[in-house]
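S.K.: Below you'll find the structure I mean.
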Amino acid sequence: MFRTRVHRNLSWISTNSSRTTTTHGQHYQYLQCSKLPTLYFQRSLPRLPIPLLENSCRRFLEATKPLLSPAEQAETQQTVEQFRQGIGMDLHAKLKIHDAQHKHTSYISEPWFDMYLADRAPLPLNYNPLLVMKSDTRPEYQQQVVRATNLIISSLRFWRSLQADLLEPEVYHMNAKKSDTASYRRWMKVAPKAFATYASYAFKAFPLDMSQYNRLFGTSRVPRIGKDELVHSPDSKHILVMRRGHMYAVNVLDSSGYIESPSVILGRLRAVLKLDADREAASVPLGVLTSGQRDEWAKTRQQFVSNTKNANLLEREVDAALFCVCLDGDEDGVFDENRQEPLLKHLLAGKAQNRWFDKSISLLISADGTTAINFEHSWGDGVAVLRYFNELYKDTLKQPFVSTETVHTPAEGDFSNVRPINFEIDDATKSAVSEAYNKNASIVDNLDMNVLKYPHINKPTCKQYGLSPDSIIQLSFQLAYRQAYSGYVGTYESCSTSAFRHGRTETMRPCTNATRDFCEAILQPERSKASAGELRAMIDNCSKVHGQLTKEAAMGQGFDRHLFALRHTAQKEGIPIPDLYETEAYKRINNNIISTSTLGSDALLAGSFGPVVKNGFGIGYSIQNDFAGAIVTTYKNQADGKVFIDSLESAFDKICAVIQQSSSSKK
């Protein structure tokens, strides 16, 4: 099988004069050729609803109960009621009017963009997440420059399909075997476009918003004083390649916008490696500046681009690049199954010398071919990135276009297509880079990362015992924190609202009265005297509540985004911030000590992000076929990740024991 693939790879090898008929065909140029246009459902997507004010107030009160004493609950109840009957009504009315005047979008889109772009915190750890891709088990495709070439080609195939309206629309199929079919597409094709989404619902297939997809490529976040700006260059024909802090603009599309042949792209990457081997690592790695506090970076950039040459290079070659490819060296580490933390930490934030965190998408490729995506978060959410991530993985496995046996088209000396980006560096820039490096190094050195793989909870066991996988994991987090720290804290789980036009995310609050009751019962058996069967019933109730909250969030019926938008409305209108936002309840639930995120994907090896508060836990988790996994980030001397991980393993043990005992008692 491998020999056939390699032989086919070699068929792509060509000179510039003979490749046009081979590489300009649809099979190479496009990842997909959808029967339905990519944005077929976009016009008919329902609008994100604004919840009723009384519902948001009720949900807020319910969510804060586990975090408050009875006296605090009573005080909060009074403040919320005053808000509901007073200023809250006025703000809600203003929000509704604004929403009615902007029917092309959602009520949360503008304030959410503002929130991201106005925050002055550094991007790494605070915003840019990490997704690590499973490796290709075939050595001939895992070698760094080969893997990079195939990933670049697949990325471009995805991008060209999207631009040509040939990428399959994003649809969530409740039962893919029944609805993800040619018959479904034929029915959708004849449905009136204005009602296509509702026609799809009849098949239990739910189209998702794709408005973020066009910013996947050619997008950069440019630092400005006070609030950053997103710049978009969709017609770019080059990518940014970084190696040991040096930066190169590499053409990957020809003058007509076609993807260059595999041998040409491979040759250009090899030319980068040759150029880099002939010089020392960058003495002033400019990319470090993108790791800094945003106003500091904005001031440095303002001074830097006062030099016309620097301004042209930065805007034309860096900001306008389709995406960034970071080729790391041996010194940056390789993947070790038994000691994952060092490489994961490096990929998440690292030394920042070989990064440009402002790019919408950065492909990070380690010396051993381990691949990860680090993405700037303001432009979009996990749905768009995960779709790209999954398609990339599938395409490089199914039909890689180069291997270690592929003969490349030489590109040494071709400085029109492989352009070293040589800025003019003055003393002020040198000083700014040194300062940014030291600050980032201090932050990253203070980051701790702990990994747990628990084999006794996995997809098959959840199915066997009738458990909700996500609910069980979230319940375990609550139990782990309670038994380690004797309390309950604000907990965040992100839920996509992409079923609506320009939807972003809603917060699901996993710390509930139900989870608290279970934790107290299992940790204080002498007081609760709960049997295994009763504890199992409590687990089921936790799952029921969790499922209902998840459903409400996905349907735009949470409370977090609504209250956020009301506060944003007050700020925009110059109205004093209402007392509700000063309550201990509001502060406590938004102090997200436990911040969690999960992405279901067969392509995902690991996912991670930083804690959202200094004394918090950033938890990337997943349930696989053979284990439940969690990667926990903390800041040293602020929170102890090892204590939490050990407590989490104990929590898993306790929950497993309840499940097994209650199951045995039924037999």
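S.K.: Give me the tail of P(r) for the chain as a percent: Cα-Cα pairs with distance above 40 Å.
M.R.: Cα-Cα pairs in the chain separated by more than 40 Å: 33 percent.
S.K.: When ligands, DNA and RNA are left out and all protein chains stay put, how many square angstrom of accessible area per residue does the chain have with a 1.4 Å probe?
M.R.: Accessible surface, normalised per residue, equals 41 Å².
S.K.: Tell me, what % of the accessible area of the chain is carbon and sulfur with a 1.4 angstrom probe?
M.R.: Answer for the chain is 52 percent, counting heavy atoms of protein chains only.
S.K.: Please report, in whole Å, how far the alpha carbons of region 455-665 spread along each principal axis, starting with the longest.
M.R.: Extents along the principal axes: 62, 41, 35 Å.
S.K.: Taking every DSSP beta bridge with both residues inside the chain, roughly what % is antiparallel (nearest 5)?
M.R.: 75 percent
S.K.: Could you pull out every residue, at least 5 positions away or on a different chain, whose amide H is within less than 5 Å of the one on Phe627? Hs are placed 1.01 Å off N in the peptide plane, and Pro or chain starts have none.
M.R.: Hits under the 5 Å cutoff: Lys459.
S.K.: Report the local net charge at His104: Lys and Arg +1, Asp and Glu -1, summed over other residues whose C-beta lies under 14 Å from its C-beta.
M.R.: +1
S.K.: What residues have an amide H closer than 5 Å to that of Phe617, excluding those fewer than 5 places away on the same chain, when H is modeled at 1.01 Å from N in the peptide plane?
M.R.: It is Ile594, Ser595, Val612, by chain and number.
S.K.: Using only alpha carbon pairs under 8 Å that are at least six residues apart, calculate the relative contact order of the chain and give it in whole percent.
M.R.: Answer for the chain is 22 percent.
S.K.: Further question: Nearest 500 deg cm²/dmol is fine: what mean residue ellipticity at 222 nm does the chain get from its DSSP H runs of n ≥ 4 alone, each adding -39,500 (n - 2.57), divided by its residue count?
M.R.: Computed mean residue ellipticity for the chain: -13500 deg cm²/dmol.
The values are calculated or read from the model by the stated rules, or taken from the named source; none is laboratory data. Everything numeric in this text was worked out from a predicted model, so none of it was measured. Here the Cβ is made from the backbone with ideal geometry for all residues, glycine too, and neighbour counts use every protein chain on show. Please note that ligands, DNA and RNA were not included when accessible areas were found on the heavy atoms of the full protein model with its side chains. Shrake-Rupley method; radii C 1.70, N 1.55, O 1.52, S 1.80 Å.
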